[in-house]
There are 2 protein chains.
Amino acid sequence: MMSINEVAREAGVSIATVSRVINNSGAVRASTREKVEAAINALGYSANRLARNLRTSESRLILVLVPDYSNTFYAGIVQGIDGEARRRGYHMLLCDTGADPDAERTYIELLKNRMVDGAICLDPDSVQSLLGEQPRALPWVACCEFDPDSGIPWVGIDNARAAADAVRFLIGRGRRRIAMIGGDERFMYAHERRRGYLTALAEAGLTPPQGSPLDTFSPDFDDGYRLAARMLSVSPRCDAIFAVADPLAVGAMQAVHDAGLRVPEDVAIVGFDNVPFATMVRPRLTTVAQPMKRLGENAARVLIERLNDPELPVSGTMLEHDIIVRESA
Amino acid sequence: MMSINEVAREAGVSIATVSRVINNSGAVRASTREKVEAAINALGYSANRLARNLRTSESRLILVLVPDYSNTFYAGIVQGIDGEARRRGYHMLLCDTGADPDAERTYIELLKNRMVDGAICLDPDSVQSLLGEQPRALPWVACCEFDPDSGIPWVGIDNARAAADAVRFLIGRGRRRIAMIGGDERFMYAHERRRGYLTALAEAGLTPPQGSPLDTFSPDFDDGYRLAARMLSVSPRCDAIFAVADPLAVGAMQAVHDAGLRVPEDVAIVGFDNVPFATMVRPRLTTVAQPMKRLGENAARVLIERLNDPELPVSGTMLEHDIIVRESA
DNA sequence: GCAGAAAATGTAAACGTTTACTTTGCTGTG
DNA sequence: CACAGCAAAGTAAACGTTTACATTTTCTGC
C-alpha cells in the first residue's frame, strides 16, 4: 500500500515535509510545496486516515442514536446533523437503537474505545441515562429529548409551550371540548406536551373531556384511528382533538370521517411535527412544526464545539416552534 | 489514557498475552486468562479501536450513500443494512448525497483513505460511475440502482417486470386507457418501470393514452397532482394511472377526486414502494412493494462477504416484488 | 562577507494495537 | 537422563501518520 514514504521519495523530501504540505502546517517553501503536490498527484496518494486517527487520537466521526429512523420525523433532524457535521469536517455514524437501552450499550462501546469522538442522542431518558452513568464523562449532547437539569448540553423545543399554543389556538377558534391523544410516556416530549395541553385548558377554565388524554405506545395511524374512535363515542362529544404526532392526527381524521362527521366543522384536528404527508391528506393537517433541520444543525454545532474545547460551559438551546395553520383546524 | 500496557502490568503479563485474551487468539492458560480478565475489569479497559484499525488496516465501517434521506422509501433499506451490518460486527456511516456527483466525491475520499472498508450505493448511475472510475477498484455494491453489466455486485428487484405486473393487474381489471406518471430518468428505476409499462401495454395490444407517460424530476405529491390533473383533461380520459412512486400516486388520487371523479370506479390508481402512508389515505393505495429490509440486508451481506474474500465472483441478486392490492385499484 | 536570526527541512519518537518470531518451561519417550 | 516436541508466554517490529526537536539553509543588516 502506498504511504507518505513513497510520496516523500518521489518528491525528494522527507516525510515530515510531505505531512506539512498535506496539513498546511509549518513553513514550507512554495517550490517545495509544488514538488510535493506534483508527487501526490502523480501517485494518486491519499493520506491513510486510520493512521492519522491513531496519531491525533480523534476520528472526526460522530455517533447519532435514533430511536427509530423509519419515523420520518427524525429524517429532517438527521439531515441537519449530517450537513452541519460535514461542513465542519466530520462524518456521521447512524444507529437505530429501537429506543432499547440494551441495544444502545453496543454503541457506547464505540464512544469508549475512541471509534467516535462524540454522540448525539435522540433517544428517551431511559436510554440516555446509560450514557450518563459512564465513569469517564463521554462527550455527547441530547437532542429533542432532554433534561435541562442533567448537566448535559441539549437542543430542543419547548414542548409544553408548543402544545399549549396548539390548544390555545383551538380555544381561540371557539373549541371547548378538546381531547388529546398522547404518546409513549417514556419520552419526555409526551409528558411535556400533555402538561402543555392541561395548562392551556386550565388557563381557559376548561377541563379535559371524559377519557382524555389517551396514550399510546406506538404513535401511528392505526392507534390514532382507534383512540379517536373511542373518544368520539363518549358523550358529550369532543369538538377538537390535539394529537402529539401527525400520524395519530391523520388516523384521528379518518376516524372522524368514518363516524360520519366532518373535519374541521364537527371536530377540529391539530397534529404535531409537520411531516411531509401532512399536506397529502384532505383536509390538510394543521400542525405544530419543529425546525427539524435547525435542531440537527445546532446539535452538531454544539457537540463539535465542545469537542474542540471541552471546558466550554454546558448550554441548552431552545428553538422556536411554529403553528402551521391548514384546513383541519 | 489507559492502554494495553496498564492492563499487562496490572495482570503481571506481557501485552501480547493481553492481546491474545482480548481476541481469543493463540493459546493462553485458563489461570492466566482469568488474571487478565480481572485486570481488564478492574481498570475498565476497552481496546482502542483507532490503534487496532491501523494495525489490522480495517475499520469495520461501511459507507452508505443515499440520494435523499428524507425519502421514506430509503429508511427501510437503511434499517436492513444497519441490522445486518451490526450482526456481522460492522457499523454504518450514512451520507446523504442529494444524488449529486460532486457531493459524492467527498465520500469516495473516505473509501480511498481507508476510513471505511466498503460502500453501499443507492444513488443513480451518474453518481455510481464516479465510484467505478477510481484507479484501484474500490469494494462496493449497488443497491436498487444497478447495471447488471457493469461488473459491480448488485442487489435489487426487476423493476421492468414489477411495473409490467402492475400494469397487467390493471388490464386484468378491465382497464384499457392506462396512463403512467414516471420519475427522474437519471434513475434506472425510472426508465425500467417505463419499459415495463410499455411492454405490458404492448402485450395486450394497447397503446399509452395521449400524453402518457409524463415524467417528473421530483416524485412527490404536488407533481403527482399536477401531472394527473393534466392527464385527466385530455379526451378520451384515461381509466387508470400507474405512478412509479407512492407520493405521486397519492397526488394523482387527489387530482382525480378534485376533478369530481371517483377512485377506483372512474380512475384506478397503482403506486410503487408501499410506503407507510399508503394505508393512511382513503381509498387505501394499491401499490407494488419492494422487500426493503431484505434489500438492505442482502446488500450488506454481499458487501461484507466480499470484504472477507475479495476473490468472490461478482454476483447480482434479484429479489421478488409483490403487488399489494388495496382499494385504489 | 559575516554573525546571527529566521525559515525550511530532516530525524526520530510516539500513538496503541497485532503478530511473527523467540524464549521458556514442561512432558513424555527412548 | 538427555532431549524432542509442544504449549505458553514474551519480545519487538510494524501499521502510517504527526510533531517536538535538531539541523541545515537562507536571509538580513552591518
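Things worth noting here:
- Flag if residue B:54 is modelled with pLDDT under 95, assigned to a helix (DSSP H, G or I) and within 16 Å of DNA strand D (Cβ to nearest atom): no
- Selected residue [outside the structural domain of residue A:115 (by TED's automatic domain parsing), more than 14 Å from DNA strand D (Cβ to nearest atom) and among the charged types (D, E, K, R)] from A:10, A:34, A:84: A:34
- Lone unmet requirement of (1) farther than 26 Å from residue B:295 by Cα; (2) more than 11 Å from chain A (Cβ to nearest Cβ); (3) of a type outside the set (Asp, Glu) for residue B:44: (2)
- Pick from segment A:167-203, criterion among the hydrophobic types (A, V, I, L, M, F, W, C) and within 21 Å of the chain's Cα centre (by Cα), ranking: farthest from residue A:120 (Cα to Cα): A:190
- Yes/no for residue A:69 being buried (at least 18 other Cβ atoms within 10 Å of the Cβ), within 16 Å of DNA strand D (Cβ to nearest atom), in a loop (DSSP other than H, G, I, E, B) and within 12 Å of chain B (Cβ to nearest Cβ): no
- Within this structure, residue A:153 passes the test of being within 22 Å of residue A:79 (Cα to Cα) and in contact (Cβ under 8 Å) with a residue 12 or more places away in the chain.
- In segment A:249-277, residue farthest from the chain's Cα centre (by Cα) [restricted to those that are in a helix (DSSP H, G or I) and within 10 Å of another protein chain (Cβ to nearest Cβ)]: A:258
- Selection count, segment B:11-35, where residues are within 44 Å of the chain's Cα centre (by Cα), more than 8 Å from DNA strand C (Cβ to nearest atom) and not in a helix (DSSP H, G or I): 2
- Entry remark, segment B:79-95: residues being in a helix (DSSP H, G or I) and either out of contact with any helix residue (DSSP H, G or I) (no Cβ under 7 Å at 6 or more places or on another chain) or surrounded by fewer than 19 Cβ atoms within 10 Å (Cβ to Cβ) (or both) number 4 in total.
- Odd one out for residue A:39, checked against (1) at pLDDT 95 or above; (2) more than 20 Å from residue B:63 (Cα to Cα); (3) facing chain B (nearest Cβ under 7 Å): (3)
- Candidate set from segment B:271-289 (those that are at pLDDT 95 or above and out of contact with any Ser or Thr (no Cβ under 9 Å at 6 or more places or on another chain)); member that is surrounded by the most Cβ atoms within 10 Å (Cβ to Cβ): B:288
- Sub-9 Å Cβ pairs linking a first residue in segment A:95-107 that is more than 8 Å from chain B (Cβ to nearest Cβ) to a second residue that is surrounded by 13 or more Cβ atoms within 10 Å (Cβ to Cβ) and basic (Lys, Arg), at least 6 apart or interchain, are A:99/A:186; A:103/B:86, ordered by first then second residue.
- Scan of segment B:96-138 for residues that are among the acidic types (Asp, Glu), assigned to a loop (DSSP other than H, G, I, E, B) and modelled with pLDDT of 85 or more, ordered by number: B:117, B:123
- Against the test of being more than 12 Å from chain A (Cβ to nearest Cβ) and either more than 24 Å from residue B:305 (Cα to Cα) or away from DNA strand D (no atom under 16 Å from the Cβ) (or both), the options B:21, B:64, B:78 yield a single qualifying residue, B:21.
- Among the residues making up segment B:36-50, those that are among the small types (Gly, Ala, Ser) and in a helix (DSSP H, G or I) are B:38, B:39, B:42.
- Residue within segment A:115-131 that is farther than 16 Å from residue B:86 by Cβ and within 12 Å of another protein chain (Cβ to nearest Cβ) present: yes
The values are calculated or read from the model by the stated rules, or taken from the named source; none is laboratory data. All values derive from a computational prediction rather than experimental measurement. Please note: Cβ atoms are built from the backbone with ideal geometry, for glycine as well, and neighbour counts cover all protein chains shown.
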